[in-house]
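Report on the structure given below.
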Amino acid sequence: MAAKVEIYTWRTCPFCIRAKSLLNKKGIDFSEYCIDGDEAARDEMSKRAKGRRSVPQIFINDYHVGGCDDIHDLERQGKLDELLASG
């Protein structure tokens with residue numbers, strides 16, 4: 001079973017685009033929640049993300065990975081595939 005990957009984004013955010021690019025490169029299906037200007041959605045994201053309000057915020061199987069730098073750090077450390085395989 002594939003991991004459940006969710007990402008909160010803004011359409012024009014370069015960090016969001018970079019994080020989605022990594023997931024796409026790895027062939028990972030993900031649910032994207034574009035929250036441009038939607039404060040209620042941003043508040044919901046912030047609750048899930050332990051108070052973080054920056055985008056993107058990424059979750060794998062409801063585990064809060066963090067943002068763009070965090071997911072790229074996991075990839076560099078060889079830990080991202082491990083998380084993605086735990087579906």
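The values are calculated or read from the model by the stated rules, or taken from the named source; none is laboratory data. Being a predicted model, the structure only gives us computed values, none of them experimental. Cβ atoms come from the backbone with ideal geometry, glycine included; neighbour counts cover every protein chain shown. For the accessible areas, the whole protein counts, side chains as well, though only heavy atoms, and no ligand, DNA or RNA atoms are used. Shrake-Rupley method; radii C 1.70, N 1.55, O 1.52, S 1.80 Å.
Ellipticity at 222 nm from helices only: DSSP H runs of n ≥ 4 in the chain, each -39500 (n - 2.57), divided by the residue count, give -12000 deg cm²/dmol. Sorting Glu75, Glu6 by solvent-accessible area of protein heavy atoms yields Glu75, Glu6, largest first, with a 1.4 Å probe. For the chain, carbon and sulfur atoms together expose 50% of the accessible surface, with a 1.4 angstrom probe and every protein chain in place.
Rolling a 1.4 Å probe across the protein heavy atoms gives the chain an accessible surface of 58 Å² per residue. Backbone amide hydrogens, once placed in the peptide plane, bring Val65 within less than 5 Å of Ile58, Phe59, Ile60, excluding anything fewer than 5 places away on its chain. Taking Ser46, Ser54 and ordering them by how much accessible surface each has at a 1.4 Å probe, largest first, produces Ser54, Ser46. By the rule of a C-alpha distance below 20 Å, with chain neighbours fewer than 8 residues away ignored, the lysines paired with Lys26 are Lys4, Lys79. Take the Cα of Tyr63, go 7 Å toward its beta carbon, and the backbone nitrogen atoms of the range 1-18 under 16 Å from that spot belong to 1-7. For the chain, Cys34, Cys68 have no disulfide-compatible partner, since no other Cys C-beta lies under 4.7 Å from theirs. Extending 7 Å from the Cα toward the beta-carbon at both Thr12 and Leu83 defines two label points whose distance is 2.8 nm.
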